[in-house]
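Working notes, structure below.
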Amino acid sequence: MSTGKWLWISLWRYILTALLACVAAASVLPALGDGPFAEEFALGIGVALVSVPLLTIATMFVIVLLAGRRFEPPTGGPQRIRGGWMVVLPLVPLLPVGLLMPLQYLIMVGAQLAYVIWVLPCDDARDTANVLRSLADPAVPAQQRARTARAVAELRTRPVVEALVLAAADEEPEVADAALESLSAIWQHDGVVGEDLLLRLPPQDQDRVRALGIKIRTPW
């Protein structure tokens, strides 16, 4: 999906998540206060009406910065986007409030984490994962797989590199050359290559990578 659509969906999902969290936090407030339920709950809702817009603006600023990473395939971690933990940063300035209302603060922290683990759209990441699987699919035309191998080089993530390493040993020379070309570009950009990945390449390709003068790092 386009960046604009992804951000729009992310915005509405965050607003719903934040509102639910604020209602939960406001519901806890009467149990901890000494006043009547209605007054305490109204106070909590009032705080929510102020905090939700501010948190939304701050969180979406972080999401905008991470938007380019939405295409990266999952790495096995809980986050739907690399660096997603940064959505808790807007809550850091509110630490003094957390000292006064620790339970409500923890609810908001939990909501921020739930947003990035379960709510944030990850369709683009799943699409990328499917594209990487197609690199090893012999039923996909070699020309298409070669184009894919060149296109995913911009992501430079571990799953992409591992998929390209496998593609570099493909029986189709066109695919293997495109994969090695992308790997060389990634490793030259990073300035380092893991020896464990390098040794998985065919011997002649290992020599070509070593000739680039890239630093080789042992995995231990």
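The values are calculated or read from the model by the stated rules, or taken from the named source; none is laboratory data. Bear in mind the structure is a predicted one, so any value in this text is a computation, not a measurement. Neighbour counts run over all protein chains shown; Cβ positions are idealised from the backbone, glycine included. Surface accessibility is based on the protein's heavy atoms, side chains included, excluding ligands, DNA and RNA. Shrake-Rupley method; radii C 1.70, N 1.55, O 1.52, S 1.80 Å.
Within the chain, what whole-number % of the accessible surface is contributed by carbon and sulfur, with the 1.4 Å probe and all protein chains included in the calculation?
Numbers: 7930 of 12180 Å².
Solvent-exposed carbon and sulfur of the chain make up 65 percent of the total.
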- Debye, to nearest 20: dipole size of region 110-159, +1 on Lys, Arg Cβ, -1 on Asp, Glu Cβ: 240 debye
- Item | Estimated vicinal HN-Hα couplings, Hz - region 197-209 in sequence order (Karplus 6.51, -1.76, 1.60; Gly, Pro = x) | 6, 4, 6, 7, 7, x, x, 5, 6, 4, 5, 5, 5
- Computed from the mean reciprocal separation of all distinct C-alpha pairs, what Kirkwood hydrodynamic radius does the chain have, in Å? 20.2 Å
- Span from the region 72-125 Cα centroid across to the region 162-199 one, whole angstrom: 34 Å
- Message: Using amide H atoms built in the peptide plane, which far-off residues or other-chain residues are under 5 Å from Gly194 H to H?
- Response: Arg217
- Item | Per residue accessible area in Å² of region 134-191, where ligands, DNA and RNA are left out and the probe is 1.4 Å | 50 Å²
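Using the Cα centre as the reference, give the magnitude of the dipole from point charges on the C-beta atoms of the chain (Lys, Arg: +1; Asp, Glu: -1; all else neutral), rounded to the nearest 20 debye.
Details: 18 positive and 21 negative charges, 51 e Å.
Approximately 240 debye in magnitude.
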- Item | Given charges at Cβ of Lys, Arg, Asp, Glu: region 86-220 dipole, positive-most of Ile117, Trp187, Val140 | Ile117
